[in-house]
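Read through the structure below, which is laid out as structure tokens, and then see the notes.
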Amino acid sequence: MTQTGAVQLMSDPWDTELISSLLSGLSPPLATHPRCTTWQCNIPNITPKMTISMGKESLRVDCVLGEGAFATVYQATNPATLEKTVLKVQKPANPWEFYINTQLDARLRPDVRHLYSSMHSAHLFHNGSVLLGELHSYGTLLNAVNMYRTLSDKVMPQPLVMYFTVCILHMVELLHRIRIIHADIKPDNFLLGERYQSHAAFISALLVFAA
């Protein structure tokens, strides 16, 4: 928005240079966020079965959960507490995703924040970033759809499809109310957690705001 209240149109809101300029203009800077650590080195080589240190945390990398064009997602375990977490390793670095996560914390009502994925911390390196986040143990909505394809009917039951649809539309509406656009809504970006088994809203969105 401009100072006069008129809408400022952007030809490409996810342009890399635009996002960099927006991040550089933040006050206070993102690097000062208590859950953000900046390292003066390249991102470490991360592979399954190794143990890495991320700030005060020591984590054993268990396995690869998924790979994309710009990120690899690992499951990791804290050997001291046995708590499991997600490591999202991004090359190049993507501080915008962590920034949006902080805005979800600030703008969403506390009673709906659980509907969206949460990042515990961000570690920014010269050539990449590592985000530590909540582990969702029941796969993605795409996994659920593919599971039904292996059954005799080949399709998800219509009432369940309608329920998922209502949940997704509700989540998108909440984002738009706080003036955030997801820009990458697809079945594999919706993760199913433990709430999937309850009567409460059970979808958590994995928010990826990459250009």
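Read the figures in this text as sums done on the coordinates, not as results from a lab. These figures come from a predicted structure and were not determined experimentally. Every residue, glycine among them, receives a Cβ derived from its backbone with ideal geometry; neighbour counts consider all protein chains shown.
Taking a ≥ b ≥ c as the square roots of the eigenvalues of the alpha-carbon gyration tensor, segment 63-134 is classed oblate because a/c is 1.5 or more while a/b is no larger than b/c. Which longest uninterrupted range of the chain lacks any trypsin sites (Lys or Arg not before Pro) assigned by DSSP to a loop state (not H, G, I, E or B) and surrounded by at most 11 other Cβ atoms within 10 Å? My reading of the result: 57-153 is the longest stretch. Entry note, the chain: relative contact order of 18 percent, from Cα contacts under 8 Å with a spacing of 6+ residues. Listed by chain and number, the lysines whose C-alpha is less than 30 Å from the C-alpha of Lys49, apart from same-chain residues fewer than 8 away, are Lys84, Lys88, Lys91. If every alpha-carbon in segment 109-148 counts as one equal scatterer, what log10 I(q)/I(0) does Debye give at q = 0.14, 0.23, 0.26, 0.29 1/Å? Rounded to two decimals, the profile gives -0.53, -0.87, -0.91, -0.96. The charge dipole of segment 73-173, taken about its Cα centre with unit charges on the Cβ of Lys, Arg, Asp and Glu (plus for the first two, minus for the last two), comes to roughly 180 debye. Listed by chain and number, the aspartates and glutamates placed with their C-alpha closer than 20 angstrom to that of Lys56 are Glu83, Glu134; residues fewer than eight positions away on the same chain are left out. For Ser53 and Gln158, what is the calculated FRET efficiency with R₀ set at 35 Å and r taken between the beta-carbons, to the nearest 0.05? The pair Ser53/Gln158 has a calculated efficiency of 0.10.
As a calculated quantity, the FRET efficiency between Thr38 and Thr150 at R0 = 41 Å, using C-beta atoms, amounts to about 0.35. Hey, if you put +1 on the Cβ of every Lys and Arg and -1 on every Asp and Glu Cβ in the chain, which of Ser53, Pro157, Tyr99 ends up farthest toward the positive end of that dipole? Value computed over the given set: Ser53. Projecting the alpha carbon convex hull of the chain along each direction and taking the average yields 14.2 nm².
Spin-label model, Glu83/Arg179: points 7 Å from Cα along the beta carbon direction are separated by 3.4 nm. Coupling constants for segment 144-150 follow from the phi torsions by the Karplus curve (6.51 cos²θ - 1.76 cosθ + 1.60, θ = phi - 60°), and in residue order they are 5, 4, 5, 4, 5, 5, 7 Hz; glycine and proline get x. Dipole check for the chain: with +1 at the C-beta of Lys and Arg, -1 at the C-beta of Asp and Glu, and the Cα centre as origin, the magnitude is about 260 Debye.
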